[in-house]
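Only one structure is covered here, and it is reproduced in the block below.
The values are calculated or read from the model by the stated rules, or taken from the named source; none is laboratory data. Just so it is clear, the model here is predicted, and its values are computed rather than measured. Heads up, the Cβs are rebuilt from the backbone with ideal geometry, glycines too, and the neighbour counts pull from every protein chain shown. Ligands, DNA and RNA are stripped out before the accessible areas are found, and what is left, the full protein with its side chains, is counted by its heavy atoms. Shrake-Rupley method; radii C 1.70, N 1.55, O 1.52, S 1.80 Å.
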Amino acid sequence: MKLLTHNMLTSNIIKGVTKGFPLQIAATDIKVTEVDFNPDFISRMISKVEWPALCEAAESIGHLGDLPKELDPDYEKNEEFLKKAHHVLLEVEIKEGELICPETGRKFPVTNGIPNMLLNEDEVGK
Amino acid sequence: MASGKRPEHKGPPELFYNDEEARKYTSNSRMIEIQQQMSERAIELLALPEDQPCFILDIGCGSGLSGECLSDQGHMWLGIDISQHMLDVAVEREIEGDLLMGDMGWGMPFRPGTFDGVISISALQWLCNADKKFHSPPKRMYKFFSTLYASMSRGTRAVFQLYPENSEQLELLTMQAMKAGFTGGLVVDFPNSTKSKKMFLCLFAGGPSQVLPKGLGTSSNEMVNKIAYSGTRDRIKERRGKHPKKSRDWVMEKKERARHQGKKVGPDSKYTGRKRKVTF
């Protein structure tokens, strides 16, 4: 699972959870793979990403690097910054571990890079 | 789906798409080709802005065949599927998108306004079944559509290729989608052919009003409802309802039908349906 996906993922499908974001990460295996850099896509996604949540997630797995915690207003032109964001968003992947719902503490296992968001019958919201 | 029977009748998707079934999606070239064709058409119907990399959700991504088409066009995608085996195959194939295991009937677990588009190939019909005691298809559909609507950007589209079993299923699906706030409707490609007929549920998530795209092989359909020369009706045609066999009209009608079915048909000329010379 890439951190971009993590930034979009919530646990609000559980009964009683209203926000369910951001999910905490307890990773046991992290892999860094190379992905083609596409500045257009990254700058488009940065406008959608919750930046503080991304920094927090990256920090919790020790891959923050020197990414600024405050978003520069002119980030679209700053290619060096976009490359760093690209690395954190798309290249760092969580292979094994758990995602933890911030409200209920429900754990979603991540195996082989795939988070399992399946719920039990009694956890499904109406 | 290589056999003729409906897979939904055999069991729940997480059990039906077992290791053996998942393998078919990497080894069976016919299945791969059909999946790719449908994915390409679905992406075309999405009408994404040109030269702009988008973030797409693929529901029922399976082994990532449809995602591959998205990657080819320069988009980033996130796939969700319920079958562990299919997802394992997807990981093996080293697809470029990201994967998630989940059940669409329990809602889409995403933040609002995330996706620039949604595609789904042959997955929506699974929602019509109640595989567990506590499943209620209409409720699951509503939950799915309402959470999906929230997770899409305004003015984007969701295109679902589906195989509905009957018109009631289709009606139920469309009704729940409209209830969740979607507009749009059904696009049918080659409606006159049983084999190459394909249905796409094309839904719009808010934004300025959009026009539903036309299905393939339907361009000359409007003519069928009109009578071209009402004054000169053929008596024989009136009596039998069909043209006499081997006549030019009969040949033309056959060709027209084949054209509707999306088959390759030679062009019409003055020689069409003409008798050959008798030669010794």
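Scan the stretch A:83-106 for residues that are free of Cβ contacts under 8 Å to residues at least 60 places away in the same chain and more than 13 Å from chain B (Cβ to nearest Cβ) and jot them down. A:83, A:84, A:85, A:87, A:105, listed by residue number.
When A:33, A:28, A:18 are screened for being at pLDDT 90 or above and either among the hydroxyl-bearing types (Ser, Thr, Tyr) or loosely packed, with under 14 Cβ neighbours inside 10 Å (or both), only A:28 passes. Can you say whether residue A:61 is more than 30 Å from residue B:133 (Cβ to Cβ), more than 12 Å from chain B (Cβ to nearest Cβ), surrounded by 15 or more Cβ atoms within 10 Å (Cβ to Cβ) and touching a strand residue (DSSP E or B) at 6+ places or on another chain (Cβ under 6 Å), as far as the supplied structure shows? Yes; evaluated as a whole, the condition is true for this residue.
Residue B:65 falls short of the stated requirement of being in contact (Cβ under 8 Å) with a residue 24 or more places away in the chain, assigned by TED's automatic domain parsing to the domain that holds residue B:186 and open to solvent by 30 Å² or more (accessible area, probe 1.4 Å). I'd like to know if the stretch B:170-190 contains one or more residues that are hydroxyl-bearing (Ser, Thr, Tyr), open to solvent by 40 Å² or more (accessible area, probe 1.4 Å) and assigned to a loop (DSSP other than H, G, I, E, B). Within the stretch B:170-190, not a single residue is hydroxyl-bearing (Ser, Thr, Tyr), open to solvent by 40 Å² or more (accessible area, probe 1.4 Å) and assigned to a loop (DSSP other than H, G, I, E, B). Looking at (1) within 13 Å of another protein chain (Cβ to nearest Cβ); (2) without any contact (Cβ under 8 Å) to a residue 60 or more places away in the chain; (3) not in a loop (DSSP other than H, G, I, E, B), which is the only condition residue B:56 fails? Every listed condition holds for residue B:56 apart from (2). Just the residues that are farther than 21 Å from residue B:151 by Cα and either at the interface with chain A (Cβ under 8 Å from one of its Cβ atoms) or in contact (Cβ under 8 Å) with a residue 24 or more places away in the chain (or both), please, taken from the stretch B:72-91. Across the stretch B:72-91, the qualifying residues are B:73, B:74, B:83, B:84, B:85, B:86, B:87, B:88, B:89, B:90, B:91. In the stretch B:92-106, the residue that is nearest to the other protein chains (Cβ to nearest Cβ) out of those that are out of contact with any strand residue (DSSP E or B) (no Cβ under 6 Å at 6 or more places or on another chain) and under 22 Å from residue A:97 (Cβ atoms) is B:103.
Note on the stretch A:1-105: enclosed helices (runs of 4 or more DSSP H) holding 3 or more residues that are farther than 30 Å from residue B:104 by Cα are A:79-86.
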